[in-house]
Amino acid sequence: MDFKNLIEFLKALNSNNSKEWMDANRKWYKEVRTDFVKWLDHMNDVMAALDNEYYDTPGKKGINRINNNLMFHPNKPVYKDHFGAGLDKRPSTGDFYIEIGVERCIMAGGFWRPDSPTLKSIRDAIDYDGDVFQEIIDKKSFKKVFGGLYEDAKLIKAPKGFSNSHEHIELLRNKTLAVAHEFPTNEVFRNNFEEKIINVYKEMLPFRRYLNKAVTVA
């Protein structure tokens with residue numbers, strides 16, 4: 001993967017963030033996108049070899065659109081400042097997300113503000129065996145990589161059907177249950193970048209498996 005070319009493209013795009021510029025540089029965009037998809041195909045094979053429950057996700061299926069959704073966010077630029085994709089993308093579950101951006105990169109997973117039925121399933125799981133989930137996120141290596149759960153909006157009081165005195169009330173009040181590992185973009189040029197991805201994936205796996213089981217078990 002020619003990450004240097006990808007970053008140079010993103011820098012140029014974000015200095016000239018318009019459809020006119022993109023149309024004039026469509027060949028460059030397609031070159032970078034094709035290279036990124038091939039790299040995702042490679043990482044898809046690497047991840048599949050690590051996890052026997054991995055859901056095959058070819059690059060073309062995992063890659064996200066580079067266009068921002070202006071219908072819901074009209075004040076955003078026309079195009080994003082990153083290439084993003086989800087791997088291990090089983091339907092209705094939380095995938096392993098990779099984002100390569102101009103100034104920062106992210107590896108993340110879990111559920112960001114899921115719909116009510118999904119969130120209820122997760123809360124029911126925490127109610128049933130929250131100690132298991134707490135042990136996962138309290139693990140020293142997990143905290144070193146992710147710091148903790150992704151900080152987002154929380155309920156002020158206990159969600160409906162749960163008591164404020166519940167032993168896992170702090171977990172139950174979350175509207176988002178996800179983690180993220182951010183790092184400077186220059187790390188993608190290092191020889192051990194793929195090893196870094198593998199290590200983060202493996203550290204996140206018990207967390208994702210717990211949540212995905214919560215939303216897929218009837």
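Annotations
- Here Val200 clears all of (1) touching a helix residue (DSSP H, G or I) at 6+ places or on another chain (Cβ under 9 Å); (2) under 20 Å from Asp127 (Cβ atoms) except the condition numbered (2).
- Residue list for segment 151-169, filter: open to solvent by 100 Å² or more (accessible area, probe 1.4 Å) and within 27 Å of Cys105 (Cβ to Cβ): Glu151
- Any hit, segment 74-92, residues being closer than 20 Å to Glu195 by Cβ and among the hydrophobic types (A, V, I, L, M, F, W, C): yes
- Checking Gly130 against (1) surrounded by fewer than 17 Cβ atoms within 10 Å (Cβ to Cβ); (2) more than 18 Å from Leu87 (Cβ to Cβ), the condition it does not meet: (1)
- Among (1) over 15 Å from the mean Cα position of the chain (by Cα); (2) open to solvent by less than 70 Å² (accessible area, probe 1.4 Å); (3) more than 17 Å from Phe193 (Cα to Cα), the one test that Phe36 misses: (3)
- Taking each residue of segment 101-121 that is more than 15 Å from Gly147 (Cβ to Cβ) and among the polar types (S, T, N, Q) and looking for partners that are in a strand (DSSP E or B) and open to solvent by 20 Å² or more (accessible area, probe 1.4 Å) with beta-carbon atoms closer than 8 Å, six or more apart or interchain, yields Thr118/Phe111.
- Residues of segment 94-107 satisfying the condition of being within 20 Å of Tyr210 (Cβ to Cβ) and open to solvent by less than 20 Å² (accessible area, probe 1.4 Å): Gly94, Phe96, Met107
- Screening segment 24-80 for residues that are in contact with a helix residue (DSSP H, G or I) (Cβ under 7 Å, 6 or more places away or on another chain), free of Cβ contacts under 8 Å to residues at least 40 places away in the same chain and in a loop (DSSP other than H, G, I, E, B) and picking the one that is farthest from Glu203 (Cα to Cα) gives Pro58.
- Among the residues listed as Leu211, Leu177, Leu172, the single one being of a type outside the set (D, E, K, R), in contact (Cβ under 8 Å) with a residue 24 or more places away in the chain, in contact with a Pro (Cβ under 7 Å, 6 or more places away or on another chain) and open to solvent by less than 20 Å² (accessible area, probe 1.4 Å): Leu172
The values are calculated or read from the model by the stated rules, or taken from the named source; none is laboratory data. Fair warning: this is a prediction, and the values are worked out from it, not measured in the lab. Neighbour counts are summed over all protein chains in view; Cβ atoms, including those assigned to glycine, are modelled from backbone coordinates with ideal geometry. Protein only, heavy atoms only, side chains kept; ligands, DNA and RNA dropped before computing areas. Shrake-Rupley method; radii C 1.70, N 1.55, O 1.52, S 1.80 Å.
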